[in-house]
Amino acid sequence: MTPLFDFIEVFMTNQDLKQRIIGLIEPIIKDNFMELVDIDLINTDYLRIIIDKQGGVSLDDCTFISKSVNILLGASGYNFSLEVSSPGIDRPLKKIEDFKKFIGKKVKIVTNEPVNGMNFLEGNIDKILNDTIAIDTNAGIVEVDFNNVKKANLAGEIKI
């Protein structure tokens, strides 16, 4: 790393750094027919990458992506302890496309601003219209603007 690079990194926000890392690693993941679900930067030295693909992610997929990303990040001057995993049954929903993909599935949503007096909603994704997510809850259909979603996950259901 150059001193200028160090100087810029000091003033880069965590969100800026995450966007830079996404820009570096997402092409590798897409080139291997997978989807980058999320990254989590813990402190400044631990990077968790969550990937998914049609039919689910295998241990071999995680190992391959881990090795590939580690080489790329190292060549770009980054040194992280790296974890690559599948999203699990409580997969985070980060983009409006995620909600579209899982229409009919049960979700848990935390909102920034209350919707019908609630900041927490649980129900099945009924439909998506533009940036509005319709959730079928016990209280009926509730519409949530995607920009009001603070956090959303599939509500994993374990069947025995």
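Any chance you could give the angle, 0 to 90 degrees and rounded to 10, that helix 14-31 forms with the longest Cα principal axis of the chain? For 14-31 against the chain, the angle is about 90 degrees.
Note on region 39-160: lysine pairs with Cα distance below 12 Å, sequence gap of 8 or more or different chains, count 9. Taking a sphere under 15 Å around the Cβ of Glu113 and counting the other residues whose Cβ falls inside, with K and R at +1 and D and E at -1, yields a net charge of -1. Looking at the chain, the DSSP beta bridges with both ends there are about 85 percent antiparallel. Computed extension gain for Ile42 through Glu157, at 0.36 nm per residue and net of the alpha carbon distance, reaches 38.6 nm.
Note on the chain: percent of Cα-Cα distances in each 10 Å bin, starting at 0 and stopping at the bin with the largest distance, equals 10, 33, 29, 20, 7, 1. Using only Cα atoms, tell me the angle between helix 59-75 and the longest principal axis of the chain; keep it within 0 to 90° and round to the nearest 10. The answer is roughly 50 degrees. Taking every DSSP helix (H) stretch of at least 4 residues in the chain, weighting each as -39,500 (n - 2.57) and dividing the sum by the residue count yields a mean residue ellipticity at 222 nm of -10000 deg cm²/dmol.
Net charge near Leu59, counting Lys/Arg +1 and Asp/Glu -1 over other residues with Cβ under 15 Å of its Cβ? That works out to -2. Once Lys and Arg get +1 and Asp and Glu get -1 on their Cβ, which of Leu41, Pro114, Ala155 lies farthest toward the positive end of the dipole of the chain? Going by the Cα projections, it comes out as Ala155. Counted residue by residue at 0.36 nm each, then reduced by the alpha carbon distance between them, the extension gain from Gln54 to Glu26 reaches 8.4 nm. The magnitude of the dipole of region 74-131, with charges of +1 and -1 set on the Cβ of Lys/Arg and Asp/Glu and taken from the Cα centre, is near 200 debye. Report the net charge of residues surrounding Asn32, where surrounding means a beta-carbon distance below 15 angstrom and charges are Lys +1, Arg +1, Asp -1, Glu -1. Here the charged neighbours net out to -3. For Leu93, the residues whose modelled amide H falls within less than 5 Å of its own, excluding neighbours fewer than 5 places apart on the same chain, are Ala152, Asn153, Leu154.
Backbone geometry of region 117-123 corresponds, through the Karplus equation with coefficients 6.51, -1.76 and 1.60 at θ = phi - 60°, to 3J(HN,Hα) couplings of x, 10, 9, 10, 10, 9, x Hz, x marking Gly and Pro.
Quick note: the coordinates plus some simple rules give every number you see, no bench work behind them. From a predicted model like this one, the values you see are computed outputs, not experimental measurements. Backbone-built Cβ (ideal geometry, glycine too); neighbour counts: all protein chains shown.
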